[in-house]
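Below is one structure; the comments refer to it alone.
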Amino acid sequence: RFSQRVREVAGRLLAAEAALRRLERLSPHGARARVTVEWLRIHEDSSNRTYLVDSRLVSLQGSGWKAFDVTEAVNFWRQLGRSGQPLLLQVSVQRAHLGPRASGAHTLLRFASQPGGHGEPQLELHTLDLGAYGAQGDCDPEAPAAEGARCCRQETYVDLRGMRWAENWVLEPPGFLAYECVGACQQPPETPTFRRPFPGPRQCVASETTSLPLIVGVKEGGRPRPQVVSLPNMRVEKCSCAWDGAPVPRRLGP
Amino acid sequence: LTGEQVRASLLRQLGLREAPVLDQRDVEGLVTPAHVRAQYVALLRRSHGAHSRGK
């Protein structure tokens, strides 16, 4: 299912009950199969390459929905949109432990049939318009964030000069703009046919960060010496609304 | 982000348990060599260009 702007995606696969009954006879208890989803990209010169999207072990005795996150593949595919190439996701199944029946693992795991389909894996795209559901960029410095205000990046100055532990130790910088993510995120409506694969609400989180370089004094042989240190993820560059653990769309190639 | 988080990250990066105590006299005459300052400026520039991605 598509909306005009594909932004967030949930992929679902279902193991059919009929296959599970057969597997119980064929497979020892605890047997698992590895289900791998790859993005198959065909280049202009007709050469092709596969990119791993998601891979996980699936219990052959289990049942229920298995969510595979294909967000990255869909985002990259969208960026190639002008080429008119369809999105090709390749699903392969292998037995977790190689044995005489390893090559036949794909026959042990079956996917739910769609009406009129033939047991192919299903791909459901759940999309959100980030114009309404995303973060709004930087907060208005003139207007303090009110309760329930939309997710934004707020300036926060960390003054190292005012901290006793930093005294005579941190030589540069005297302080820095760190920023923080504040505000609320609009929650998508839940429909009876769609159960979110990510638990909990969407939250306003730092989706891109940069490092903070410092010059500190380190003692060597009883005498101090200036040294450069880079602290990762100290400054927020971008805030986004995201489910815990879900990737935030970005413009990058594989 | 709090000062305590900066302190903890700094200690982790330098492999220290405690922040060193440096006297004012120790750092008063301390001059940052040109190559150290150049390294600092290069990292500052790079951090403005390259973002690492969180969740």
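What does the highest-first list of A:233-242, B:10-19, A:133-142, A:164-173 look like by mean Cβ count within 10 Å?
Details: A:233-242: 22.6, B:10-19: 12.2, A:133-142: 15.1, A:164-173: 17.8.
My ranking of the peptides, most packed first, is A:233-242, A:164-173, A:133-142, B:10-19.
Amide H to amide H under 5 Å from A:Val70: which residues, 5+ apart in sequence or cross-chain, H placed 1.01 Å off N in plane? Here the answer is A:Gly11, since their amide H atoms fall under 5 Å of that of A:Val70. Mean per-residue shielding of peptide A:172-185 is 1, counting Cβ atoms of other chains within 10 Å of each Cβ.
What does the charge count near B:His48 come to, summing +1 for each Lys or Arg and -1 for each Asp or Glu among other residues with Cβ under 10 Å from its Cβ? For residues surrounding B:His48, the net value is +2. Mean per-residue shielding of peptide A:149-159 is 1, counting Cβ atoms of other chains within 10 Å of each Cβ. For A:Glu172, nonlocal amide neighbours, meaning residues 5 or more places apart or on other chains whose placed amide H falls under 5 Å from its own, are A:Ile215.
Any read-out appearing in this document is the output of simple, stated calculations on the displayed coordinates, not a laboratory observation. These figures come from a predicted structure and were not determined experimentally. Using ideal geometry, Cβ is built from the backbone for each residue, glycine included, and neighbour counts are taken over all protein chains shown.
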